[in-house]
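Quick note: the coordinates plus some simple rules give every number you see, no bench work behind them. These figures come from a predicted structure and were not determined experimentally. No Cβ is skipped: glycine too gets one built from the backbone with ideal geometry, and neighbour counts run over all protein chains shown.
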Amino acid sequence: MADRITPGRIKTNNRQQIYNYIYQKRRASQQDMLYALRLSRPTVATNLAELEGDGLICRSGQIEADQIGRKAAAYSIVPDYRAAVGVEILRAKVKIIAIDLYGDKLRREVVEQRFAHEPAYYKSVCAAINRFIDALEVPRDRILGVGISAQGLASEDGRSMVYGAILGCTGLTVDVFENEIGLPCRFFHDPQGAALSEIWVSPELKNGVYLSLSAHLGGAAIANRQIMSGKHGHNSTFEHIQVKPDGDVCYCGKRGCWDTLLSRRALVGDRTVEEFFEVMRMGDAEAVASWSAYLRNLGALIAHLHLVYDVDFILGGHLAPYFTEADIRRLYDEIRRLCPFDEADDFIRISKMPSHNITVGIALPYIRAYLDEIGVEEGGGDLA
Ligand SMILES: [Zn+2]
């Protein structure tokens with residue numbers, strides 16, 4: 001039988017529409033909803049009272065209700081009615097963030113702790129996550145889940161690390177965290193987290209390739225605003241395509257992968273990124289040569305990938321904010337040198353979200369899933 005429109009469904013639909021409207025507008029009056037949603041005044045009033053009573057929305061001052069300047073009560077959603085947590089495990093520290101229903105940061109903490117693939121380390125990290133959650137103003141039962149990345153590849157279901165050669169955590173299972181934290185947890189490949197943030201802040205982004213240029217090279221392909229996942233968990237691992245058979249040894253054990261040419265170390269050596277760009281912009285010959293080689297290599301990588309994916313390329317990660325317009329033009333020069341087609345210069349851009357992109361990104365799937373469940377359409381997120 002076809003879906004019947006029962007009174008109960010209409011009621012749910014009205015409530016969802018009203019909540020969705022307030023979420024998208026951020027602040028809205030009852031009058032706005034009457035016009036925009038074509039609902040009757042009693043229907044809107046009853047639903048607003050219910051949503052307010054349930055704690056999902058609140059009054060937030062007054063807004064102009066008509067052209068002659070009369071004011072009406074404004075309603076907003078309660079952004080931290082639900083929250084999610086993102087945890088990025090790195091060699092020397094653990095970054096933790098909590099975000100609300102708009103993807104905005106509620107709290108952030110960096111715990112200095114050296115990684116060790118052993119139970120005592122994980123127990124201590126879980127204790128830090130638990131302390132972080134307890135310090136939030138959001139009750140624990142309103143935390144939707146904890147996304148975790150550990151510089152490696154996660155299984156399709158996010159339950160285990162299928163490849164963790166950077167830290168040496170291959171085979172780690174997510175129960176280690178769930179048992180201590182008592183909330184749903186899930187592993188994500190870190191560049192996928194960064195790409196998820198980019199999708200959230202870029203309503204126009206449909207298809208693309210996200211390149212993460214940080215300590216290591218990483219990437220994610222985006223198709224129809226979703227991360228392209230793989231059959232074996234290693235989709236878009238461009239960093240291990242071998243380009244120099246006799247090149248340096250990559251952390252994967254093979255020689256001359258893209259990562260050996262485009263890692264942070266390959267560019268800056270023992271300097272910090274800040275120091276490197278400072279001396280390079282002042283004309284230090286060695287640094288200038290290193291940056292030229294980096295741009296040439298990155299141009300070549302994009303040229304190759306661009307022949308496979310004729311989409312927008314987004315440069316993210318720690319190095320991305322240092323690119324100038326002239327640097328991007330040099331990437332296009334290299335791409336034109338290598339590609340057989342007349343190449344336009346409209347498909348490379350710098351990430352809109354340079355900081356906290358991984359931690360926020362791996363928390364976002366919990367938020368998106370919740371918003372989907374309560375009928376909130378995409379597009380209200382604004383992290384910028
Ligand atoms: Zn490799």
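Amide H of Ile222 versus every other amide H placed in the peptide plane: which residues, excluding those fewer than 5 positions away on the same chain, fall under 5 Å?
Amide H neighbours of Ile222, under 5 Å, 5+ apart: Gly208, Val209, Tyr210, Met228.
How much length is gained if the chain between Lys254 and Glu52 is pulled fully straight, taking 0.36 nm per residue apart and subtracting their Cα-Cα distance, in nm to one decimal? Present the calculation step by step, with values, prior to reporting the outcome.
Values: separation 202, 0.36 × 202 = 72.72 nm, distance 5.86 nm.
Full-extension gain reported as 66.9 nm.
Quick one: compute the contact order of the chain, relative version, from alpha carbon pairs under 8 angstrom and 6+ residues apart, as a percent. Don't jump to the answer; show the numbers that get you there.
Working: 693 pairs, mean separation 66.1, N = 384.
Computed over the chain, the figure is 17 percent.
Would you mind checking which residues have amide H under 5 Å from Ala84's amide H? H placed 1.01 Å from N; only 5 or more apart, or other chain.
Residues meeting the criterion, in which the H sits 1.01 Å from N, are Ile99, Leu144.
Please tell me the relative contact order of region 206-350 in percent, rounded to the nearest whole number, where contacts are Cα pairs under 8 Å and at least six residues apart.
Working: 209 pairs, mean separation 35.5, N = 145.
After rounding, I find 24 percent.
DSSP beta bridges in the chain, what fraction antiparallel, as a percent rounded to 5? Each step should come with its number before you reach the end.
Numbers: 34 of 50 bridges.
The antiparallel fraction comes to roughly 70 percent.
Set the Förster radius R0 to 25 Å, insert the Cβ-Cβ distance between Glu275 and Lys93 as r into 1/(1 + (r/R0)^6), and round the FRET efficiency to 0.05.
Details: r = 20 Å, r/R0 = 0.81.
In this case the efficiency is close to 0.80.
What FRET efficiency, computed as 1/(1 + (r/R0)^6) with R0 = 41 Å and r the Cβ-Cβ distance, is obtained for Ser124 and Ile350, rounded to the nearest 0.05?
On the way: r = 36 Å, r/R0 = 0.89.
Calculated transfer efficiency: 0.65.
Within region 359-380, name every residue whose backbone N is under 11 Å away from a label modeled 7 Å from Cα of Thr12 along the Cβ vector.
374-375
Mean Kyte-Doolittle hydropathy of -1.0 or higher plus an axial Cα length of 30 Å or more: which whole DSSP H helices in the chain meet both? Can you show the working numbers first?
Numbers: long enough: 285-308 (35 Å, 0.86).
TM-like helix candidates: 285-308.
Tell me the chymotrypsin sites (Phe, Trp or Tyr not before Pro) within region 329-367 that lie in a loop according to DSSP and have at most 15 other beta-carbon atoms within 10 Å. Write down the numbers at each step before the final one.
Values: sites: Tyr332, Phe341, Phe347, Tyr366; in loops: Phe341, Phe347.
Qualifying residues, ordered by number: Phe341.
What are the ³J(HN,Hα) values, in whole Hz, obtained from phi via the Karplus relation 6.51 cos²θ - 1.76 cosθ + 1.60 with θ = phi - 60°, for each residue of region 206-215 in sequence order, with x given for Gly and Pro?
9, 10, x, 10, 9, 10, 9, 10, 10, 3
Would you mind working out the magnitude of the charge dipole of the chain relative to its Cα centre, with +1 at each Lys and Arg C-beta and -1 at each Asp and Glu C-beta, to the nearest 20 Debye? Intermediate results must be reported in sequence, preceding the final value.
On the way: 44 positive and 50 negative charges, 158 e Å.
It works out to roughly 760 debye.
Report P(r) for the chain: all Cα-Cα distances, bin width 10 Å, range 0 to the bin holding the largest distance, values in whole percent.
So the P(r) values, bin by bin, are 5, 21, 27, 23, 15, 8, 2, 0.
Relative contact order of region 7-77, please, whole-number percent, based on alpha carbon pairs below 8 angstrom and at least 6 residues apart. Could the numbers behind the result be given before it?
Values: 84 pairs, mean separation 25.3, N = 71.
Contact order relative to length: 36 percent.
Mind checking which lysines have their C-alpha under 22 Å from Lys244, skipping anything on the same chain fewer than 8 residues away?
Lys254
Can you grab the distance from the C-alpha centre of region 67-82 to the C-alpha centre of region 279-336, Å, no decimals?
45
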